[in-house]
C-alpha cells in the first residue's frame, strides 16, 4: 500500500483524529460522482472527502492526496479512476483513492476548481483551470485523461464558472475574467455571449452561471454580484436576459427541480427564494435551517443536498431534503461520524 494511503488508513482508524488534520474544517462544495450513484461527496477545505451514502459516510483523509489538502473538485471516470483538484494542483488516482499522482503533460502544475465529467461518455472530462501566473484554458479529454486538448481560449486570468447543461451534456457554459462563453460540442470550441443585458453593463468579474434547466439546455439562471446580487434568466442560451430577482447576499446557489418547473435560490444569510414558474419569478420563502450553503440537486431525482458549517453555528455537516427544501434531514452530523476509506 502506498505510504500516503497507509497514513490515511492509520489516521482514519484512530478515534477522534478527524479534527486533528485541520482546524475547524468547512465544506466547500458537494459533488455527485457518476461512478458512485446514490452518494453525495462533501469536499472539505482541510480534511479531504466525506462520501455520504445510504450505508453511512466514508472519509478519504486529505493525507492520501497531500497534507492539509483543500479539495476543490472531483470527477470520476469509473470507480477506480478519478481526477481531483486541490489548492495546489490536479491529481489522478487509478486505485479508487488509495494513492494519487500529479497530472503530467499540459496540466502539470495547473490547478482548477472546475471539473465536469460527461454523464454519457465515461472517459470524457473537461477541466477549466485557474492557475495564477499562467494562461488558463478549458482542457478536454476523451481517453480517460491520457491526453488533453485545450479549447484555445488561452485566458490570462482565472475561470470562475463551468456549468454543464443536464438536458444536453455537450452544452457547456464558462465564465472567466475576460468574458463568458458557450460550447455546443462538449468543450472543443466556445463562442462568446454577453454577461447579462446591455443596460446592466456587467463585467465578467461580477457574473456567474448558477444553474441550467434540466429539461431545456437553453434556459439558465445567472447572477451579477453587486451590493445586491441581480439574478438573471435567459431562455435562449445567453442571447437575451431578463432580471428575475434582486437578493441582498452573495454568493448564491441555485437549483431547478427535476421537472424544471420549480427553482430554488439560496443565500447564506438571505435564505431561500422560490420560483414555481421555471425561474421566471422568485419570492422569498422560509428556510428551516440557518446558514445553509452548498445547495445542490442530485442528478437522479429531486433530492437536494446542502451543507452547514458546524464550527460557525451550523447544526450538521451535510444533509438532504426530499421535498425541495421544505425540510432537511442530517446525513452527516459531525465530521467524527465517518468511517475509514477502505483500500
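The values are calculated or read from the model by the stated rules, or taken from the named source; none is laboratory data. Since this is a predicted model, take the numbers as computed values, not measurements. Counting neighbours? That spans all protein chains shown, and the Cβs are built from the backbone with ideal geometry, glycine included.
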**Fill in**
Counted residues in segment 200-223 being more than 15 Å from residue 234 (Cβ to Cβ) and not in a loop (DSSP other than H, G, I, E, B) come to 3
**Request:** Give segment 261-305 a look and list any residue that's outside any strand (DSSP E or B) and without any contact (Cβ under 8 Å) to a residue 24 or more places away in the chain, or say none.
**Result:** 261, 269, 270, 276, 277, 286, 291, 303
**Prompt:** Within segment 183-196, can one find any residue that is at pLDDT 95 or above, assigned to a strand (DSSP E or B), within 21 Å of the chain's Cα centre (by Cα) and farther than 26 Å from residue 80 by Cα?
**Reply:** yes
**Asked** Checking residue 319 against (1) more than 19 Å from residue 47 (Cβ to Cβ); (2) outside any loop (DSSP other than H, G, I, E, B); (3) without any contact (Cβ under 8 Å) to a residue 40 or more places away in the chain, which single condition isn't satisfied?
**Response** (1)
**Asked** Hey, among the residues in segment 124-146 that are at pLDDT below 95 and more than 19 Å from the chain's Cα centre (by Cα), which one's surrounded by the fewest Cβ atoms within 10 Å (Cβ to Cβ)?
**Response** 133
**Item:** Residue among 114, 107 that is surrounded by 21 or more Cβ atoms within 10 Å (Cβ to Cβ) and either modelled with pLDDT of 95 or more or closer than 18 Å to residue 31 by Cβ (or both)
**Value:** 114
**Asked** Take the residues of segment 241-260 that are within 19 Å of the chain's Cα centre (by Cα) and not in a strand (DSSP E or B): which is surrounded by the fewest Cβ atoms within 10 Å (Cβ to Cβ)?
**Response** 251
**Fill in**
For segment 325-343 the number of residues that are surrounded by 18 or more Cβ atoms within 10 Å (Cβ to Cβ), in a loop (DSSP other than H, G, I, E, B) and at pLDDT 95 or above is 2
**Inter-residue pairs, beta-carbon under 8 Å, first touching a residue at least 24 places away in the same chain (Cβ under 8 Å) and on the phi > 0 side of the Ramachandran plot and in segment 204-227, second crowded, with 24+ Cβ neighbours inside 10 Å and assigned to a loop (DSSP other than H, G, I, E, B), 6+ apart** = none
**Message:** Contact list please: Cβ distance under 6 Å, first residue in segment 156-171 and more than 21 Å from residue 72 (Cβ to Cβ), second residue at pLDDT 95 or above and not in a loop (DSSP other than H, G, I, E, B), pairs at least six apart or on different chains.
**Reply:** 165/212
**Message:** With crowded, with 20+ Cβ neighbours inside 10 Å and under 26 Å from residue 219 (Cβ atoms) as the only criterion, which of 191, 171 stands out?
**Reply:** 171
